[in-house]
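Here's the structure, in structure tokens; my notes come after.
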Amino acid sequence: MQILIIEDEKRLADALGQIMQEARYQADIVYDGRDGLAYASSGDYDVIVLDVMLPGMDGFEVVHHLRESKISTPVIICLLYTSPS
């Protein structure tokens, strides 16, 4: 299974990538929305793990452009919320 991780928090993205590789999945990691869209546009992925808050282009824009291009790869959107201390 080929997975694309689009996440700007590098430690989180790298940890997810490591977990996927240990589970014997192939994972590509990109850290901003524009690069994520470029990778995802290949259509070679079985699933995309996508953050919403990204530099360059937010996650909703990435999905919009993919669907506009008729790329129907399933997307798991990550919404992380941290409450104020």
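Things to note:
- Charge sum, other residues only, whose C-beta stays under 9 Å from Asp8's C-beta, Lys/Arg counted +1 and Asp/Glu -1: -3
- For the chain: relative contact order, % (alpha-carbon pairs under 8 angstrom, 6 or more apart): 31 percent
- The GluC sites (Glu not before Pro) of segment 1-64 that DSSP puts in a loop, and whose beta carbon has at most 16 other beta carbons within 10 Å, are Glu9.
- Carbon and sulfur %, accessible surface of the chain computed with the full protein complex present, 1.4 Å: 52 percent
- Max mean-square fluctuation residue, GNM over the chain, Cα-Cα springs under 10 Å, options Gly33, Gly59, Gly43: Gly43
- Gyration tensor analysis over the Cα atoms of the chain returns equivalent ellipsoid semi-axes of 19, 18, 10 Å (largest first, whole Å).
- Segment 2-77: trypsin sites (Lys or Arg not before Pro) in DSSP loop, at most 14 other beta carbons within 10 Å: Arg24, Lys70
- Each helix, a run of at least 4 DSSP H residues, gives -39500 (n - 2.57); summed and divided by the residues of the chain, these come to -11000 deg cm²/dmol at 222 nm.
The values are calculated or read from the model by the stated rules, or taken from the named source; none is laboratory data. Small disclaimer: the values here were computed from a predicted structure and weren't measured. Backbone-built Cβ (ideal geometry, glycine too); neighbour counts: all protein chains shown. Calculation scope for accessible area: heavy atoms of the full protein, side chains included, ligands and nucleic acids excluded. Shrake-Rupley method; radii C 1.70, N 1.55, O 1.52, S 1.80 Å.
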